[in-house]
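Report on the following structure.
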Amino acid sequence: MTFSKDFLWGGAIAANQAEGAWNVDGRGMSVADVASYRSDLSLDDYEGHLAISSELVQKAMDDQTDKYYPKRRGIDFYHHYKEDLALFAEMGFKALRVSIAWSRIFPTGEEQEPNEKGLQFYDNLFKEMKKYNIEPIVTLSHYEMPLALSVKYNGWVERKVIDDFVRFSNVCFNRYKDYVTYWLTFNEIDSINRHPFTTAGIIPDKCPEGKEEEQVYQALHHQFVASALVTKDCHEIIPGSQVGCMLTKLTTYPNTCKPEDVEITLKKNLQNYFYADVQVFGEYPRLTLKKLKRKGIHIQMEEGDLEILKENTVDYLSFSYYMSLTESAKDGLERAAGNTVTGVKNPYLPATDWGWQIDPVGLKISLLELYDRYRKPLIIVENGMGAKDVVESDGSIHDDYRVNYFREHFRQMKEAVEEGVELFGYTSWGSIDIISAGTSQMSKRYGFIYVDQDDDGNGTLERTRKDSFYWYKKVIESNGEDLD
Ligand code: BGP
């Protein structure tokens, strides 16, 4: 038996991509409610899926429908959660990663008292999970901060948002301390540099001319401090609680053995580690500080910030892994798509319908690298492939491509654990079809469970087990031994 007997097999979703009910029971608008998709325009022609301007934000605020805003409807998990949890339990899930929508609890982010109806939804959700002995893994910030904080303060650029987040987290720890042991602070905290609005509520045209990158690093510093403060708070309120950071693992290979390619690749990987370094080691890496200084980027740190970071590091490291990347010092090479990042196309790897290159060995490499660097327990909280599933005339869905993706990644996971990596869980991304984070499409399906809804929101929302549902059930039953 390779995996520990209490290995947390399960799945992951996020409130803004699954719940829907965007304006129900007092929930305030979040930055996710601005992300839009139009099936009559190509993704390239329509930047709206990661809203990045005051004009797009205002347009979204003026439009109180969900016609072009798929994340406002999600898959209506808000009303279907009991049915969905029963399906997860049927697969034998030990854990389910969810997020708490901040704007369901504090609609504008600034209220002093929480929205009771918002709290009640998660009371019910966690109680239902407990019925099935499904361990919640709860993300506090998963691309869904209150939109009001973005419009009023340009999001996390403003230091007072730390206090708003600490108040929100404190309410969650006190309310759910009997149900939740595993917490994550910021989903893919590194993504602030790729899509600052989704991750931190930063609207670029509200940043002073030429100061956008500096404001992103300032906002990131505030998130680092907030993450450390809530880690401290969680440990004090919930004895035995485990708080983790969450990284997009962007494992990058050099395009050739040419030293210049190796150097640029090393720097890409070190930049990726930086975000976890701060939360695991409790300090900014010297190389990063020197680089920021060279770029003329100044981060305003208050008295005591560095001590807060040093004294409140995380208990474990979680990460997402979908594909590997390749980098070259040479310009003009053909690029491959990726999770809001691109790399030089790797000729040895196949790709998904969305161009993400499939690399199971890259997962083992990622596990070895992360464990050797941080010597902390690891959990994979996102992995999977987005695909266009086909519903056969008899209603079945033969997603053998998805089974093959998982089978090969699980094989590599097993090898890493056999080589000594301390991996305590795995939650596949989108264990039920949900709205895509990057494109707001429904057609980019990740789930073991199909949801009858198209990109425009048409459909019955009926849930259907795919072939992979039965395969994953078997994997969990055998604790990862039976991958056939
Ligand atoms: C990560 C996010 C998830 C998830 C995943 C897949 O960046 O943490 O929310 O969505 O990417 O991306 P997408 O949904 O765009 O295919």
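The values are calculated or read from the model by the stated rules, or taken from the named source; none is laboratory data. Every value quoted in this text rests on a predicted model; they were computed, and no experiment measured them. Every residue, glycine among them, receives a Cβ derived from its backbone with ideal geometry; neighbour counts consider all protein chains shown.
Out of the residues in the range 383-401 that are in a loop (DSSP other than H, G, I, E, B) and small (Gly, Ala, Ser), state the one that is farthest from MET413 (Cα to Cα).
If we take residues in the range 383-401 being in a loop (DSSP other than H, G, I, E, B) and small (Gly, Ala, Ser), then SER393 is farthest from MET413 (Cα to Cα).
Could you check the range 336-347 and list, in sequence order, the residues that are among the polar types (S, T, N, Q) and within 16 Å of the ligand (Cβ to nearest atom)?
Quick first cut of the range 336-347, residues among the polar types (S, T, N, Q) only: 339-340, 342, 346.
The answer is ASN339, THR340, THR342.
Is the range 97-109 home to any residue that is touching a residue at least 60 places away in the same chain (Cβ under 8 Å), surrounded by fewer than 22 Cβ atoms within 10 Å (Cβ to Cβ) and under 30 Å from PRO208 (Cβ atoms)?
yes
Quick test of your reading of the structure: ASP190 fulfils all but one of (1) more than 18 Å from the chain's Cα centre (by Cα); (2) surrounded by 21 or more Cβ atoms within 10 Å (Cβ to Cβ); (3) of a type outside the set (Phe, Trp, Tyr). Name the failing condition by number.
It fails just one condition, (1).
Counting just the residues of the range 455-483 that are without any contact (Cβ under 8 Å) to a residue 60 or more places away in the chain and assigned to a loop (DSSP other than H, G, I, E, B), which one comes out nearest to GLY92 (Cα to Cα)?
Among those that are without any contact (Cβ under 8 Å) to a residue 60 or more places away in the chain and assigned to a loop (DSSP other than H, G, I, E, B), it is SER478.
Please state which of the following conditions ASN272 fails to meet, knowing it meets all the rest: (1) assigned to a helix (DSSP H, G or I); (2) over 25 Å from ASN339 (Cα atoms).
If we test ASN272 against (1) assigned to a helix (DSSP H, G or I); (2) over 25 Å from ASN339 (Cα atoms), just (2) comes out false.
Pairs please, first residue from the range 414-440 and within 11 Å of the ligand (Cβ to nearest atom), second anywhere and small (Gly, Ala, Ser) and at pLDDT below 95, Cβ atoms under 6 Å, 6+ apart in sequence or on different chains.
Final answer for the pair search is SER440/ALA35.
Would the range 291-313 turn up any residue that is closer than 19 Å to THR265 by Cα, surrounded by 15 or more Cβ atoms within 10 Å (Cβ to Cβ) and away from the ligand (no atom under 16 Å from the Cβ)?
We begin by selecting, within the range 291-313, every residue closer than 19 Å to THR265 by Cα; these are 291-292.
Adding the requirement that they be surrounded by 15 or more Cβ atoms within 10 Å (Cβ to Cβ) leaves 291-292.
Pick out the ones that are also away from the ligand (no atom under 16 Å from the Cβ) and you get 291-292.
Taking every residue of the range 291-313 in turn, at least one turns out to be closer than 19 Å to THR265 by Cα, surrounded by 15 or more Cβ atoms within 10 Å (Cβ to Cβ) and away from the ligand (no atom under 16 Å from the Cβ).
Residue check, PRO285 against (1) surrounded by fewer than 17 Cβ atoms within 10 Å (Cβ to Cβ); (2) within 20 Å of the chain's Cα centre (by Cα), all met but one. Which one?
(2)
Are any residues in the range 376-400 over 30 Å from TRP183 (Cβ atoms) and either surrounded by 17 or more Cβ atoms within 10 Å (Cβ to Cβ) or among the charged types (D, E, K, R) (or both), and if so, which ones?
Within the range 376-400, ALA387, LYS388, ASP389, GLU392, ASP394, ILE397, ASP399, ASP400 qualify.
Quick one: what pairs do we get from the range 1-15, first residue within 14 Å of LYS414 (Cα to Cα), second acidic (Asp, Glu) and part of a loop (DSSP other than H, G, I, E, B), C-beta under 8 Å, 6+ apart or different chains?
That search, which allows pairs on different chains as well, returns MET1/GLU481; THR2/GLU481.
Are any residues in the range 348-395 away from the ligand (no atom under 16 Å from the Cβ) and either free of Cβ contacts under 8 Å to residues at least 12 places away in the same chain or among the aromatic types (Phe, Trp, Tyr) (or both), and if so, which ones?
TYR348, PRO350, TYR371, ASP372, TYR374, ARG375, VAL390, GLU392, SER393, ASP394
Enumerate the pairs (first residue in the range 56-69 and within 12 Å of ASP33 (Cβ to Cβ); second residue anywhere and among the basic types (Lys, Arg) and surrounded by 21 or more Cβ atoms within 10 Å (Cβ to Cβ)) with beta-carbon separation below 9 Å, excluding pairs fewer than 6 apart on the same chain, so at least 6 apart or on different chains.
Between residues of the range 56-69 that are within 12 Å of ASP33 (Cβ to Cβ) and residues that are among the basic types (Lys, Arg) and surrounded by 21 or more Cβ atoms within 10 Å (Cβ to Cβ), the close pairs are THR65/ARG72; ASP66/ARG72.
Being loosely packed, with under 14 Cβ neighbours inside 10 Å and among the hydrophobic types (A, V, I, L, M, F, W, C) narrows it down to one residue among LEU266, LEU229; which is it?
Working: LEU229 fails: loosely packed, with under 14 Cβ neighbours inside 10 Å.
Only one candidate passes the filter, namely LEU266.
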